[in-house]
Each structure stands twice: as C-alpha cells, then as structure tokens.
1. Among bridges DSSP assigns within the stretch 22-146, what percent are antiparallel (round to 5)?
2. Taking only DSSP H segments of four or more residues, each worth -39500 (n - 2.57), what value at 222 nm results for the chain once the sum is divided by all its residues, to the nearest 500 deg cm²/dmol?
3. Straight distance only, please: which lysines reach the Cα of K33 with their own Cα at less than 18 Å, same-chain residues fewer than 8 apart left out?
4. Could you grab the relative contact order for the stretch 22-146? Cα pairs under 8 Å, six or more apart, rounded to a whole percent.
5. Would you mind telling me which residue in E106, E85, E59 has the biggest mean-square fluctuation in a Gaussian network model of the chain, where springs connect alpha carbons within a distance under 10 angstrom?
6. Looking only at P119, P61, P71, which one moves most when the chain is put into a Gaussian network model with springs between Cα atoms under 10 Å?
7. When a/c is below 1.5 the answer is rounded, else prolate if a/b is larger than b/c, else oblate, so apply that to the stretch 22-146 with a ≥ b ≥ c taken from the square roots of the Cα gyration tensor eigenvalues.
8. Rank Q75, Q21, Q93 by mean-square fluctuation in a GNM of the chain with C-alpha springs under 10 angstrom and give only the top-ranked residue.
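Every number in this text was worked out from the coordinates using simple rules, so none of it is lab data. Everything quoted here is computed from the prediction, not taken from an experiment. Backbone-built Cβ (ideal geometry, glycine too); neighbour counts: all protein chains shown.
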Amino acid sequence: MKNRIFFLFGVCFLIGCNSTQSVDYLQSDEFSKQNMPFSEAVRVGNMLYLSGQIGSSSEDPSKVVAGGIGPETRQTMENMKEVLERYGSSMDQVVKCLCMLADIDEWAEMSAEYVKYFPDHKPARSAFAGTGLALNARVEIECWATIN
C-alpha cells in the first residue's frame, strides 16, 4: 500500500513538472519605439499581466492628457482597454487592478471614472498613493486579466 501511494505521488509530481507554462513578453511596435525598460504585457498561460498604464495621449505618448485626475483616469482606462484587446483579452476579463495615485485625496474621483469600465463585474483592486509617477501623472493603473 505504501509503495502504491509513493508511486501515485511520484506520477503526480512528474505530471506537474511536465505542465510548465510558457512566458511571452509582449510589446507592440509602437511600445518598442519608446525604448522602455519593461514589457508592455506578459502572458503566462491564460493570464495577461499589463504594465502600469498612465493617461498618456495616443497622439503624443510622452504627454499626459490635461484636466486632472478625471480625464487622466479615463485615458488610462482607454489605454488599458487598447492593450488588453491587442493581446486577446478585454475589460470583461480583468480580475485584478492596482491603482497608484499621486494624491490619495483624489481616490473618489479616480474611482468614479474607473467603475464606468466595469459595469458588470468589479475586479479585485488595491490602491495607494505615492510620489514620482511617470510623466508626473496623477494616476497609474496596472491590471491582470484572463485570455480565452
């Protein structure tokens, strides 16, 4: 009986070792031209991990949209949506977000825009305030999503 149990554990262990998932580091041509020291997204199995997005405009990625936390959050979410769709996911498949704010007092205004992008589900979320966001942004959001 003991030998059978050890044999079954051994088989399960070997099956687990054989099911390693590939890791794909993803960058669009546009993102590559920016020469950033990180990937735009990373895919592991059916999970997609996006690097932090800020409210940079599509016309000039070196500038954040004007108007403060509301417009920046909206543009950030649009940028996130674009990256998700580029790599086979969508806002409906986001399971976790991390929101970084320049000022925690802007949390409510950021959240008011954020929730518009998740009308049918609310991903798990963490938020904190810190200094030194890229391009002096008011908000940066990263997310994790599934891919079908």
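1. Working: 20 of 26 bridges.
Restricted to the stretch 22-146, the bridges split so that about 75 percent are antiparallel.
2. Taking each H run of at least 4 residues, the total per residue is -10000 deg cm²/dmol.
3. K33 reaches K63.
4. Answer for the stretch 22-146 is 31 percent.
5. E59
6. P119
7. Taking the square roots of the gyration eigenvalues as a ≥ b ≥ c, the stretch 22-146 is oblate.
8. Highest fluctuation of the listed residues: Q21.
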